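The values are calculated or read from the model by the stated rules, or taken from the named source; none is laboratory data. All values derive from a computational prediction rather than experimental measurement. Glycine gets a Cβ as well: all are built from the backbone with ideal geometry, and neighbour counts include every protein chain shown. With ligands, DNA and RNA removed, areas are computed over all heavy atoms of the protein, side chains included. Shrake-Rupley method; radii C 1.70, N 1.55, O 1.52, S 1.80 Å.
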Amino acid sequence: MCFDVEKIRHDFPMLSQSVYGRPLVYLDSGATAQKPQCVIDTVNRLHSTMNANIHRGVHYFSDRMTALYEEAREKVRRFIGAASREEIIFTSGATASLNLVAYAWCEKFLHEGDNILVSEIEHHSNIVPWQQAALRKGAELRVLPVDDEGALRLDLLGELIDARTRVVAVTQASNTLGTRPDLPTIVEAAHAVGAITVVDGCQGVVHGGVDVAALGCDFYAFSGHKLYAPTGIGVLYGRREVLESMPPFLSGGDMVDKVSFERTTFAPLPLRFEAGTSNFIGAVGLGEAISYVESLDAEAVMSHEQTLLEYATERLLSIDGLRIYGTTANKAPIISFTIDGCDHYDIGMILDKTGVAIRTGHHCAEPVMHRFGVNGMCRASFGLYNTTADVDALVAGVQRAVRMLK
Ligand SMILES: *Cc1c(COP(=O)(O)O)cnc(C)c1O
């Protein structure tokens with residue numbers, strides 16, 4: 001297998017779009033990734049030739065669709081290294097996955113006086129559900145801070161994790177700083193006091209993947225749409241015994257065994273946590289996206305993205321007054337920056353007019369903005385289809401913005 005980025009770009013029809021008469025330079029894959037034609041075709045084909053609800057009908061297409069849905073579950077299982085298919089729950093996305101744990105697990109196991117530890121660099125989706133659970137239960141939300149490079153202060157773990165810590169929720173890779181926390185150390189510290197570990201894999205699963213069994217975390221959440229799959233489909237991995245100990249979250253169709261007005265019994269895993277009609281076509285689309293990613297040389301993709309990160313870092317730093325946030329070694333291919341005297345939003349607007357799409361603002365991680373004393377940043381994030389020409393367009397656009405704004 002070899003990695004030919006020009007060939008890969010042909011697989012993504014969005015990348016041949018133009019904006020204001022300029023070719024699109026898409027540097028916002030951290031917000032959502034573009035989809036390869038095979039994923040788009042799969043979703044279209046299923047809607048036109050295979051659509052029928054799963055797990056219900058005895059009829060032909062219901063049966064076929066159910067088989068495809070369960071095949072997709074198996075693909076996800078293999079992709080993230082889970083031990084069994086019962087541990088893979090399809091959700092609408094990472095936010096839904098994290099809320100599922102924050103409601104169902106905390107409902108039973110979080111008590112007044114307990115505490116939950118999150119890191120300072122979490123996405124809002126890995127902060128607010130825990131904050132809400134803590135409020136409901138009278139528990140405390142604790143925060144593991146980062147240093148000036150954006151690395152987690154693991155030296156403080158011993159102080160912040162104690163016998164009343166029930167949950168440690170942390171990202172595999174920060175969507176603003178790119179930081180990849182030392183997860184094995186965090187998982188070990190949490191398990192030493194009997195806390196569960198919840199890993200937000202949204203960025204990590206895309207840039208390097210995961211082996212959840214080797215990592216030993218209790219939960220792992222990610223969204224399909226950042227992994228080149230459709231929107232509206234996501235995954236919650238849960239260790240079987242932890243999932244089995246949890247009460248159901250959403251209830252209704254599909255998650256039950258027997259229902260009467262006196263008493264309802266629930267379906268076994270994983271369906272117990274998949275109430276209602278799930279996004280079954282999206283799940284098959286996610287399976288197709290995984291197959292696409294697996295058809296490429298993972299090492300080559302990583303090294304391609306790393307090359308882009310290094311090249312972009314070097315070129316951006318040559319711009320006067322530009323500061324990059326998140327400077328840890330081995331970071332994910334995400335660059336957040338500000339420029340002295342220029343508003344992040346204005347830079348984004350000017351870049352947009354040159355066809356370059358970046359993210360501006362707080363990136364759903366306001367505490368990171370507070371930590372570094374800014375009210376917003378510009379962010380360029382790379383996917384496997386980006387090129388050094390994209391970086392050149394970014395740098396030219398930023399230089400132009402600086403000339404206009406200063
Ligand atoms: C995007 C993202 C989320 C939220 O994902 P949704 O798809 O919006 O549910 C959570 N954490 C990280 C690190 C993200 O990048």
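Remarks
- Label-to-label distance, nm, for residues given as D147 and D340 (7 Å Cα→Cβ offset): 2.5
- The aspartates and glutamates within cross-link reach of K331, meaning a Cα-to-Cα straight distance under 14 Å and a gap of 8 or more places when in the same chain, are E149, D182, E305, E310.
- In terms of its C-alpha gyration tensor, region 211-356 comes out prolate, because a/c is 1.5 or above and the ratio a/b outweighs b/c.
- Restricting attention to the chain, close to 55% of DSSP beta bridges with both partner residues there are antiparallel.
- Length added when fully stretched, S318-E71, from 0.36 nm per residue minus Cα-Cα: 84.0 nm
- With all protein chains modelled, accessible area of K137 [1.4 Å, Å²]: 50
- Here the extension length gained between E366 and E294 equals 22.5 nm, from 0.36 nm per residue of separation less the Cα-Cα distance.
- Exposed chymotrypsin sites (Phe, Trp or Tyr not before Pro) absent - longest run of the chain, DSSP non-H/G/I/E/B, at most 11 other C-beta within 10 Å: 21-260
- Translational D in µm²/s for the chain (Stokes-Einstein at 20 °C, 1.002 mPa s, Kirkwood Rh from C-alpha pairs): 97
- Whole-Hz ³J(HN,Hα) from phi, Karplus 6.51 cos²θ - 1.76 cosθ + 1.60, for region 161-172, glycine and proline x: 9, 9, 5, 9, 6, 9, 9, 10, 10, 8, 7, 7
- Our estimate of slack between D182 and V374, defined as 0.36 nm per intervening residue step minus the Cα-Cα distance, is 66.5 nm.
- Near I196, the amide H atoms lying under 5 Å from its own belong to V167, V168; only residues 5 or more places off or on other chains count, and H is placed 1.01 Å from N.
- Excluding exposed DSSP-loop GluC sites (Glu not before Pro) (at most 10 other C-beta within 10 Å), longest clean stretch of the chain: 113-261
- Whole-Å semi-axes of the ellipsoid equivalent to region 360-406 (Cα gyration tensor, √5λ, descending): 23, 17, 6
- Point-to-point label distance, H111-F261, nm (Cα→Cβ direction, 7 Å offset): 3.7
- By the equivalent-ellipsoid construction on the alpha carbon gyration tensor, region 198-249 comes out with semi-axes of 21, 15, 7 Å, ordered largest to smallest.
- Mean separation of Cα contacts under 8 Å (6+ apart) over length of the chain, as relative contact order %: 23
- Label-point separation, T49 to L405 (7 Å along Cα→Cβ), nm: 4.9
- ³J(HN,Hα), Karplus 6.51/-1.76/1.60, whole Hz, each residue of region 91-103, x for Gly, Pro: 10, 7, x, 4, 4, 5, 4, 5, 5, 4, 5, 5, 8
- Taken about its Cα centre, the chain carries a charge dipole of roughly 860 debye when the Cβ of each Lys and Arg holds +1 and the Cβ of each Asp and Glu holds -1.
- Taking all protein chains as they are arranged and a probe of 1.4 Å, the heavy atoms of S223 leave approximately 10 Å² accessible to solvent.
- Region 26-157 shape via C-alpha gyration tensor axes, a/c threshold 1.5: prolate
- Sites S303 and R64 - FRET efficiency at Förster radius 45 Å, r taken between beta-carbons, to 0.05: 0.70
- Residue-by-residue Karplus 3J(HN,Hα) for region 139-155, coefficients 6.51, -1.76, 1.60, Hz, glycine and proline x: 9, 10, 9, 10, 10, 8, x, 10, 8, 5, 7, x, 8, 5, 7, 5, 5
- Qualifying lysines (Cα of each under 16 Å from Cα of K108; at least 8 residues distant if same chain): K137
- Selected from N330, G397, G276, residue furthest toward positive end of dipole (the chain; charges at beta carbon): G276
- Kyte-Doolittle at least -1.0, axis length at least 24 Å by Cα - qualifying DSSP helices, the chain: 60-80, 298-317, 388-405
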